[in-house]
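Here's the structure we're looking at; comments come further down.
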Amino acid sequence: MKMKLIIVILQDKDTPPLLDALNEKEIRVTKLASSGGFLRAGNTTLLIGVTQDQVNDVIDLIKNHCSSRQQMVNPVSPVGGTTDTYLPFPVEVTVGGATIFVVDVDNFEQV
Ligand code: 2BA
């Protein structure tokens, strides 16, 4: 059966319940601490290796456990430290639920 790697970027707050749900279904997952390139705020990246027939189930779990939230971009400091992206006033952005990439796995081995 072909393996897929699901890469999910989600908000920290949504991570514990999603991990619980994945563990309950015995789906293996690796959690990485990450941060968004725009807000420079912490978020979570999950690596989930599954067989092709599990992909939709995992995406359903992600949809059920990740909600979108409003977040303010800091108005006083340049975003990214360059004047190109300087924001002179508070900007509210909608972050998440989750950003999901599903990629083919050429080879999967555990040694
Ligand atoms: P951040 O890069 O910190 O982006 C946070 C939110 O800010 C985004 O939410 C979006 O609403 C907004 N945003 C991002 N870049 C922007 C820009 N250049 N101009 C205006 N608004 C912008 P989401 O789209 O839900 O993304 C949440 C997080 O998911 C992102 O955090 C980033 O860590 C990741 N992400 C989203 N799309 C990605 C992609 N195509 N490739 C890699 N990572 C991605």
Where is the GNM fluctuation largest for the chain (alpha-carbon springs, 10 angstrom cutoff): Gly49, Gly37, Gly96?
Gly37
Please calculate the 1.4 Å probe accessible area of Ser35, with all protein chains present, and give it to the nearest 10 Å².
80 Å²
Stretch Phe101-Asp53 to full length: gain in nm at 0.36 nm per residue minus the Cα-Cα span?
15.7 nm
Using a 1.4 Å probe and counting only protein heavy atoms, arrange Ile6, Ile59 so the residue with the most accessible area comes first.
Ile59, Ile6
Quick check: with the 1.4 Å probe, what order do Asp57, Asp14 take by accessible area, largest first?
Asp57, Asp14
The FRET efficiency for Val111 and Ser35, from their Cβ-Cβ distance with R0 = 30 Å and rounded to 0.05, is 0.40
Residue order for Lys25, Lys13 - accessible surface, 1.4 angstrom probe, largest first
Lys13, Lys25
If you put +1 on each Lys and Arg Cβ and -1 on each Asp and Glu Cβ, how big is the dipole of region 15-54 around its Cα centre, in Debye rounded to 20?
240 debye
Cα-only Rg/Rh for the chain with Kirkwood Rh rounds to 1.07
Among residues other than Gly97 whose Cβ falls under 12 Å from its Cβ, what is the net charge (Lys/Arg +1, Asp/Glu -1)?
+2
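The values are calculated or read from the model by the stated rules, or taken from the named source; none is laboratory data. Keep in mind that what you see is a predicted model, and the values were worked out from it rather than measured. So basically every Cβ, Gly included, is an ideal-geometry build from the backbone, and we count neighbours across all protein chains shown. Remember, those area values only see protein heavy atoms, side chains included, never the ligands or the DNA or RNA. Shrake-Rupley method; radii C 1.70, N 1.55, O 1.52, S 1.80 Å.
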